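Below is one structure; the comments refer to it alone.
Bear in mind these aren't lab numbers, they're just calculated from the coordinates by the rules spelled out. What you see is a predicted model; the values in this text were computed from it and never measured. Note that each Cβ is placed from the backbone with ideal geometry, even for glycine, and that neighbours are counted across all protein chains shown.
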Amino acid sequence: MSELAATAKKLDAADELAGKRAEFVLDDADAHVYLDGNSLGALPAAVPGRVDDVVRRQWGSLRIRSWDESGWWTAPERIGDRIGPLVGAAPGQIVVGDSTSVNVFKALVAAVRMAGEGRDEIVVDATTFPTDGYIAESAARMTGRTLRPVTPEEVPGVLGDRTAAVLVNHVDYRTGRLHDLPSLTAAVHAAGAVAVWDLCHSAGALPVGLDEHGVDLAVGCTYKYLNGGPGSPAYLYVRRDLQDRFDSPLPGWNSHVEPFGMRPDYEPATGAPRGRVGTPDILSMLALEAALQVWDGVTVEAVRAKSLALTDFFLECVAQYVPAGRVESLTPAAHEERGSQVALRCEDAGEVMKRLIERGVVGDFRHPDVLRFGFTPLYVGFADVERAARVLGEVVAAQL
Ligand SMILES: *Cc1c(COP(=O)(O)O)cnc(C)c1O
């Protein structure tokens, strides 16, 4: 056994989260290493049974009674409160539903409306996942504001009394860089603007502290580190003291104070339900609820500690196994700037990832030259990490 393999064995033996892996449906660890949980989380074992019950009994047998008797109607806020502790939000501030793209729209337009008429600029993270940028551009056009795309590092320098709202990603989806949420939020507030955070690549991987840091609005998806399944609904956080000022650009009947009053005039609900739009997607929402059971007894702090240990160990193994100069890490070495993934720049990255997948190491390729590996502490172990780096070294050496 190599020295790194022996180290992996020791680290796995001391890992307090190691038992969590059994709560997921995964291939035999000797055959596959799944490092794409930052794109689509693995299937929690509790989900198939729950979905079967929801479909056969709740829908098939109880039918319309389930809106009440099976708790369908209240699911968006109930599940929002289950996500709350993972992102540092007290109950009553998160609603689950719609996609992240739709929630970015709701949050950003509502943020501009909160900021008031005098402020005519929206600042957006220029390095963002494309959908956030597209939606921000449309939101700016619709609200008559100017869009100002800058990198997160440049944000403090462009803030001023013209700034209405700022949309930033907590972790860069491409490089894995973690941005400084507390200090950026404070800078946005000092300028009198509204901070909107996208948590897609941080929720479930590291502490966010929404309440603690006074974040105004936040959105995130649930199919990455929260393992909700393909297309599972996203969530919207509106800080409690801003809820009465949340003026949704999509005021659907589900967000009405009296949805079954069927009134012609719109009057928004109070609290988190104000973030709803239309009928919730119950099947995927309840699959998500079952998926969130894997968090029982787990603290985000423990997840973060293991995540950093995994990415540190991966970088160490890559340095040892991959021929010098063949890959270059785009992910910051400093822990306070690192999310839960490692991005390696590599010539022929597309071809290299194809070979890796053939050999059972699943990460993903980001155009044009990035290999991306996501580390999900609930089901990835240190032996997986050692193996992934070893296979990467072999694949890259064979490509020379
Ligand atoms: C994954 C991701 C999304 C996904 O948006 P969908 O509407 O769910 O397709 C959006 N923004 C960021 C930053 C993401 O990482």
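Points to keep in mind about this one:
- Sorting the segments 63-75, 231-243 by their mean number of nearby beta carbons within 10 angstrom, highest to lowest, gives 231-243, 63-75.
- Nearest 10 degrees, 0 to 90: helix 3-13 Cα axis against the chain principal axis: 40
- Projecting the Cα atoms of Y237, F105, M262 onto the dipole axis of the stretch 50-295, where Lys and Arg carry +1 and Asp and Glu carry -1 at the beta carbon, places M262 farthest toward the positive end.
- Sparsely packed GluC sites (Glu not before Pro) within the stretch 286-386, loop by DSSP, other Cβ within 10 Å at most 16: E347
- Largest mean-square fluctuation among V87, V168, V257, in a Gaussian network model of the chain whose springs join Cα atoms under 10 Å apart, belongs to V257.
- Within the chain, helix-based [θ] at 222 nm, where runs of 4 or more DSSP H residues each add -39,500 (n - 2.57), nearest 500: -10500 deg cm²/dmol
- Between helix 100-115 and the chain there is an angle of about 50 degrees, using the helix long axis and the longest principal axis of the Cα atoms.
- About its Cα centre, the stretch 1-133 has a charge dipole of approximately 560 debye under the convention of +1 per Lys or Arg Cβ and -1 per Asp or Glu Cβ, with nothing else charged.
- A simple charge model with +1 on the Cβ of Lys and Arg, -1 on the Cβ of Asp and Glu and nothing else charged puts the dipole of the stretch 50-295 at about 520 debye relative to its Cα centre.
- Gaussian network model of the chain, Cα within-10 Å springs - most flexible of G339, G374, G214: G214
- Of all DSSP bridge pairs formed entirely within the chain, close to 55 percent run antiparallel.
- Restricting the stretch 249-306 to trypsin sites (Lys or Arg not before Pro) in coil, as DSSP defines it, with at most 11 other Cβ within 10 Å: none
- The GNM of the chain, with springs linking C-alpha atoms under 10 angstrom apart, assigns the highest mean-square fluctuation among V104, V300, V158 to V158.
- Of the residues P152, L178, A164, the one whose Cα sits farthest towards the positive end of the charge dipole of the stretch 139-180 is A164 (charges of +1 on Lys and Arg Cβ, -1 on Asp and Glu Cβ, taken about the Cα centre).
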